[in-house]
Structures are given as C-alpha cells and as structure tokens.
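**Student:** Let me begin by handing over the structure; questions about it come next.
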Amino acid sequence: MRPVTVVVPFAAGGTTDALARLVGQQLSTRLGQPVVVENRAGAGGAVGASVVAKAAPDGYTLLMGAVSTHAINPSLYKTLTYDPVKDFAPIAYIAGVPNLLVVSPKRVQAKTVSELLKEIKAQPDGVSFASAGNGTSIHLSGEMFKVASGLKLTHVPYRGSGPAVADLVGGNVDLMFDNLPSALQLVKSGGLRALAITAAQRSPVLPDVPTMVESGFPNFVAESWFVLFAPTGTPVAITERLAREVTAIHEVPEFRERLAGLGANPRSLTGAALTAFIAEEARNWGEVVRKSGAQAE
C-alpha cells in the first residue's frame, strides 16, 4: 500500500518533527496505511514547503507547516519559491507552543532575564543567539528581544531546532528562544537553563519559569503553531477526510497526554476558521518582521 508522506521542513529533533511523528502514528492507524515523515530542512522551512507545493495534489504528500512557513517567511524573504496562500490547502491545526528563553550554562551565568541583560551589557561584542533558521518564530523571538532590550545580539541560524540546541548545549552559542517541547527535557536535566517563557501565562510543565512579561518585557508574547497542509488542488473529499481524522485524534487521551507532557496545546481548527487564523497570523508576524528590520535572502 502506498504510504502517505508528511514533509517536515526542518531537521529531525525539533518540535515540528516530534509533532509530525505523533500525528503520523495516529493517522496511520486511522487510515489503515503507512504514514512516513520526511525531513527536508533549509531556509526557515521554505525548502520543505516548496517540495510539497510542487507535489502531486493527490493526498499522498502533506506538509507539517509552521508559523514560519506560512506567516513569517512571506514578510522575511524577498523571494519565495512557493506561495503560502495559493499553493496550499490548510487541513487542520495541530498544536501551538510557546518559546523558552534558554541559555547555555557553559557560557552564561545569569539565572534571570535581568541578570542576563547585565551580563550581555558587560560583553563589548554582545552575545550570540541561535535559531532553527531564518523566519522561524524562534528567530523572530530573538529579534524581538534584541529590539526590546536594545542590546547587541548576533543571530546564528541553523537548519532546525535539533542542531541549534545541540550547539547551545555544547557551549558554541549563548542563548536561544526554543520551542518549549524541544527544550523541555534538556532544561529538566540541566543541559540548558530556562530564564523565561513567551506565553501569556506560565506553563504547567515549568511552573517556576516566569513569562517574558513578568520579566519586564510588556506585550512580549509569541507562540509557534503547527498546521497540516496539502497541495492546492487536492480533492476536497481527501482534505475533509484528513481534517476529520485530525479532529478525532485531538480527542485521543494518549495523544492529548503526549502533547501536555511536551507543553503543547492542541486546538480543533479547520476550514474557513483555520484559513482566517493563518491570514491574521501573517499580518501580525509581518508587523514583527517590519519592526525588527530582520531580512533573509
């Protein structure tokens, strides 16, 4: 039986990858056919998104899209090899996650955001912040912090959260705004130190970590989100079937428990409401890109 391929536009080991594999396992069971995950990293998710945009619209190639591919990249990149609106049919919202401001204990002494600001100010050349790639919410959260703090921060982009976090743990970069799920276990084990979270409220999985707002940055709220897409032209019967299956998956206790353990928040959102949500997010993140002055080729 021909498998369904879910393209993850980032390297293995990050939140997009983890969610795609969780959804893939559930979809495989419900559809009665194999669902495989394929990582196609590069350009803030643009490489993988382009692959799916050009794929046959037959339901066998899907994209685990993210805020970067469909809300940030259109404003950040001068040219894109895909159109986030015209080339894709949104199927279903999977989950949303806040970002964590994490630092490398090997390079940073600070245990609070205020201490971090003092430490950065004492560095004549500033410090480096890693990201999962240009255009990710991880990148833009760093740019927001740079603008809000007025300090010198040098962006170091990677091809996904996995390799970025590995370098952060290794002490090759100073700090990062990583998706909560991919940083969580390393924070708990001591490999990374969490200083703040970009959610509106503290997370139940890290109740002692304050929000950026509590840390002195009003309105600093940023969430990554993940949506399953099909290429435009995919038969409506297929996209609607997939949307129904994802909606049902959201109610599976095991799936909800796994998401809760990762600090991810599921949300049943499909159809016109999902399309409107993505359009609003594109407007909001476009404003963040404009204010930060961030650009990518």
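**Student:** Being open to solvent by 40 Å² or more (accessible area, probe 1.4 Å) and not in a helix (DSSP H, G or I) is the filter; apply it to the range 1-32 and report the residue that is farthest from residue 66 (Cα to Cα).
**Tutor:** Taking the candidates together, the pick is 1.
**Student:** Can you tell me which of 246, 221, 173 is aliphatic (A, V, I, L, M) and modelled with pLDDT under 95?
**Tutor:** Answer to the selection: 221.
**Student:** Consider only pairs whose beta carbons are under 8 Å apart and that are at least six residues apart or on different chains; among these, list those whose first residue lies in the range 121-140 and is over 14 Å from residue 159 (Cα atoms) and basic (Lys, Arg) and whose second residue is at pLDDT 90 or above and assigned to a loop (DSSP other than H, G, I, E, B).
**Tutor:** 121/151
**Student:** Which one of the conditions (1) among the small types (Gly, Ala, Ser); (2) modelled with pLDDT under 95; (3) open to solvent by less than 10 Å² (accessible area, probe 1.4 Å) does residue 162 fail to meet, given that it meets all the rest?
**Tutor:** The single condition residue 162 does not satisfy is (3).
**Student:** Still on this model: Please work out if residue 145 is surrounded by fewer than 19 Cβ atoms within 10 Å (Cβ to Cβ), under 22 Å from residue 285 (Cβ atoms) and in contact (Cβ under 8 Å) with a residue 24 or more places away in the chain.
**Tutor:** No: the conditions fail for residue 145.
**Student:** When the range 180-192 is examined, which residues are found to be surrounded by 23 or more Cβ atoms within 10 Å (Cβ to Cβ) and farther than 13 Å from residue 206 by Cβ?
**Tutor:** Within the range 180-192, 182 is the sole residue that qualifies.
**Student:** Considering only the range 38-46, I want to know if a residue exists there that is modelled with pLDDT of 95 or more and either touching a Pro at 6+ places or on another chain (Cβ under 9 Å) or of a type in the set (A, V, I, L, M) (or both).
**Tutor:** Yes, the range 38-46 has at least one match.
**Student:** Give the residues of the range 214-233 that are in contact with an Asp or Glu (Cβ under 7 Å, 6 or more places away or on another chain) and open to solvent by 10 Å² or more (accessible area, probe 1.4 Å), sorted by residue number.
**Tutor:** Scanning the range 214-233 gives a single hit, 232.
**Student:** Within the range 56-77, restricting attention to residues that are at pLDDT 95 or above and over 20 Å from residue 274 (Cβ atoms), which residue is surrounded by the fewest Cβ atoms within 10 Å (Cβ to Cβ)?
**Tutor:** The selected residue is 56.
**Student:** Here's something else I'd like to know. Anything in the range 74-120 that is free of Cβ contacts under 8 Å to residues at least 24 places away in the same chain, assigned to a helix (DSSP H, G or I) and farther than 23 Å from residue 167 by Cα? List them, or say none.
**Tutor:** Passing the criteria: only 118.
**Student:** Here's something else I'd like to know. Go through the range 224-243 and give me each residue that's polar (S, T, N, Q) and at pLDDT 95 or above.
**Tutor:** Selection gives 232, 234, 239.
The values are calculated or read from the model by the stated rules, or taken from the named source; none is laboratory data. Because the structure is predicted, anything quoted here is derived from the model rather than measured. Every residue, glycine as well, gets a Cβ built from its backbone with ideal geometry; the counts of neighbours run over all protein chains shown. Accessible surface areas use protein heavy atoms only, side chains included; no ligands, DNA or RNA. Shrake-Rupley method; radii C 1.70, N 1.55, O 1.52, S 1.80 Å.
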